[in-house]
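Contents: one structure, followed by commentary.
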Amino acid sequence: MILSTLRLRNFPEDEADQFPWHLPMIKNLEELRFEKNISFFVGENGSGKSTILEAIAAYTEVPLAGSFRLEDDESLAAANQLANYLSLRYAEKTRHGFFVRAEDFIGFSRNIKRQIRELDQEIEEVKATFTGGDIKLTLGTLKGERDSFISRYSKDLEAMSHGEGFMKFFTSRITGKGLYLIDEPEAALSPTRQLSLIALILKKVKKTGAHFIIATHSPIIMAVPDSELFYFQDGKITKTDYRETEHYLLTKAILDNPEVVMGELGG
């Protein structure tokens with residue numbers, strides 16, 4: 001694992017009525033112990049799981065897989081503030097890894113496309129203005145960099161479906177032992193693609209010892225074997241079996257008897 005424990009080092013009482021300090025989960029935050037290489041944050045919308053995940057990203061300074069740096073993204077201002085009051089203990093310190101939200105992928109794919117386009121333009125400019133020496137040698141570095149982008153991410157990530165592009169991103173960027181923070185990957189992935197992501201995560205954990213912390217609502221993703229689940233409920237965070245979560249119980253009820261559940265919704 002990369003992280004060992006997380007706790008709140010201090011609490012700004014003069015800001016207790018402001019976000020994120022007004023969240024019961026923050027006020028009641030006790031030490032979290034990471035004991036598995038795959039950790040899930042699970043809870044209702046607004047329970048604070050994404051806020052904690054973002055604060056971990058800010059504290060550890062892993063790269064943000066999007067078009068902004070973490071400290072420059074206005075949507076992460078509260079997370080950056082919370083990070084200043086956290087204390088994290090590392091089992092093994094590293095900055096290898098990333099933090100990604102489903103919405104960041106659009107910015108990421110556009111960034112890759114822009115870099116490929118700029119390299120293409122630079123190659124054409126060299127061809128048009130080169131006056132002496134070995135042009136192949138001059139172009140070699142530029143073409144090598146462009147071809148590396150294309151090989152790793154494809155010519156145009158945006159031309160793929162959202163799920164295809166997201167999986168291409170994961171397979172290209174999860175490259176070794178590091179801390180990978182992922183917020184609600186199911187937003188871009190079909191059930192089949194979710195299973196593909198699980199297979200990739202299990203492979204990387206076994207091969208490299210990477211540490212994944214994933215905020216999710218998906219009963220498919222949270223069912224990963226040999227993982228731990230932190231349940232954000234009633235203003236507290238507790239370790240729970242996924243079969244005891246509302247996500248699992250509600251999904252099971254619908255799959256077991258959809259007519260009854262849907263009939264109740266209609267009054």
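The values are calculated or read from the model by the stated rules, or taken from the named source; none is laboratory data. None of these values were measured; they are calculated from a predicted model. Note that we place each Cβ from the backbone using ideal geometry, even for glycine, and neighbour counts take in every protein chain shown.
Right, residue 87: modelled with pLDDT under 80 and small (Gly, Ala, Ser) or not? No. With respect to (1) farther than 16 Å from residue 181 by Cα; (2) modelled with pLDDT of 90 or more; (3) touching a Gly at 6+ places or on another chain (Cβ under 6 Å), the lone exception for residue 28 is condition (2). Within segment 168-195, the residues that satisfy the criterion of being of a type in the set (D, E, K, R) and at pLDDT below 85 are 168, 173.
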